[in-house]
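The values are calculated or read from the model by the stated rules, or taken from the named source; none is laboratory data. Here the structure is a predicted model, which is why all the values come from computation and not from measurement. Reconstructed Cβ throughout: ideal geometry from the backbone, glycine too, with neighbour counts over all protein chains shown. All accessible areas refer to the heavy atoms of the entire protein, side chains included, with ligands and DNA or RNA removed. Shrake-Rupley method; radii C 1.70, N 1.55, O 1.52, S 1.80 Å.
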Amino acid sequence: HKELILWTTGNPDFQQGSNDGDTGSGDLATLVAKVQHDGNVEQIVAPLPDTIATTSSYGTIAIYHVAPDSIDGGLVLRESVTAHRFGNGEPAVATGLAVQPSASADAEIASCGEDGQLVCVPLSRLDALQRYEVDSTVVTGVCWPTPAQVAVSTRGGQVKLFDRRALSEVAAVFVDPSNSYALESIDVHPSQSFRLATGTDTGAVLLWDIRNPKQPTMEAFNVHESNVWAVQFHPTDASKIVSCSEDASIAVVQWLADAADGHARPVRRLSSFFNALSINCVDVCPGTKAEVATATAVSSASELVIGCKAFFEKDGEIRKAEVLSIRDKAMRQNIQRTADDTPLDNSESTIEYEFYVHYVEFNKRLDEWVEQSRARLDKP
């Protein structure tokens with residue numbers, strides 16, 4: 001239909017509407033505005049609370065102003081530009097869109113397309129567009145590991161890293177030499193810029209560690225049976241990677257979990273008998289009950305979970321840290337705990353736990369095991 005539609009929704013965790021069939025104000029979603037779009041909507045992001053950016057099957061980037069109370073109906077096209085074209089001048093599908101991690105009107109947008117190009121443009125000035133040749137194949141996805149770095153995935157099976165200050169040259173190229181597959185999607189860890197996740201045309205989710213650009217490490221999780229169209233680190237529990245596929249399923253990989261001898265890491269796969277169609281995109285709602293559970297204050301160290309953030313004492317200071325792993329101090333045995341689990345059993349106070357933590361905004365080299373006595377649970 002080539003339309004962009006703005007909806008308002010309630011919290012999907014809680015049943016809305018009455019049991020007598022009333023479909024009034026209790027509906028799960030209410031249409032706010034609908035406007036014509038230049039081509040099929042390929043990607044949507046919201047860089048600012050009142051701004052929506054889209055890409056299209058005609059290769060355009062469009063910026064919309066969100067004004068629900070305006071006479072224009074809530075969505076107003078502010079500016080658009082054709083960002084992707086083939087060599088013969090025909091428009092190329094814009095396959096990816098990402099916003100520079102900077103909460104300002106001067107943030108940049110990066111898009112990629114079937115023309116093999118990467119495009120960067122300021123959110124406030126689409127006429128200042130810059131194009132860069134990336135690959136002779138389709139560039140399938142784009143993300144910003146840092147405000148100065150752009151990473152893309154390609155159908156040629158490569159991850160390419162660019163320095164925004166010198167985009168004419170590729171800063172690094174990562175590839176799995178042992179396999180030949182296309183990469184269909186890419187995402188970056190929310191707090192560890194050296195970790196990337198990509199989806200392949202064979203159904204695998206690949207986890208990259210690019211701290212050493214010359215010798216990156218990569219781990220494959222075979223979770224789907226066909227093309228992985230989207231991958232996303234869970235925004236509040238980054239020990240999980242969520243993906244969706246052509247095989248009509250969604251998968252959740254617990255990539256931080258230690259694999260038992262001869263067994264793969266935990267994978268939860270979601271599908272429906274009533275849907276045999278491809279699932280092309282996925283997003284995680286941070287306002288669901290699972291998120292509330294991880295964000296709620298805890299009264300005991302036994303309630304901390306992998307992926308949550310808490311405060312710990314470090315060199316006489318109180319620092320915020322992300323919990324990467326948990327273990328029994330005496331047994332040195334790792335314990336896998338997520339927000340879906342019940343609290344650890346410490347009723348007899350005979351077990352002491354240790355937490356492997358990464359201090360937020362500090363170098364990875366400071367990551368360490370800390371005793372539960374160093375946890376400052378009284379600090380919100």
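Couple of notes before you dig in:
- A full extension of the chain between Glu313 and Trp7 corresponds to an added length of 105.7 nm, given 0.36 nm per residue minus the alpha carbon distance.
- Förster radius 56 Å - calculated FRET efficiency between Asn40 and Lys320 (Cβ-Cβ, nearest 0.05): 0.85
- Spin-label pair Ala276/Glu352, simplified geometry with 7 Å Cα→Cβ offset, distance in nm: 5.9 nm
- Counting all C-alpha pairs of segment 34-95, share separated by more than 13 Å (%): 61 percent
- A 1.4 Å probe run over the protein chains yields, for segment 135-275, 44 Å² of accessible area per residue, whole-number rounding.
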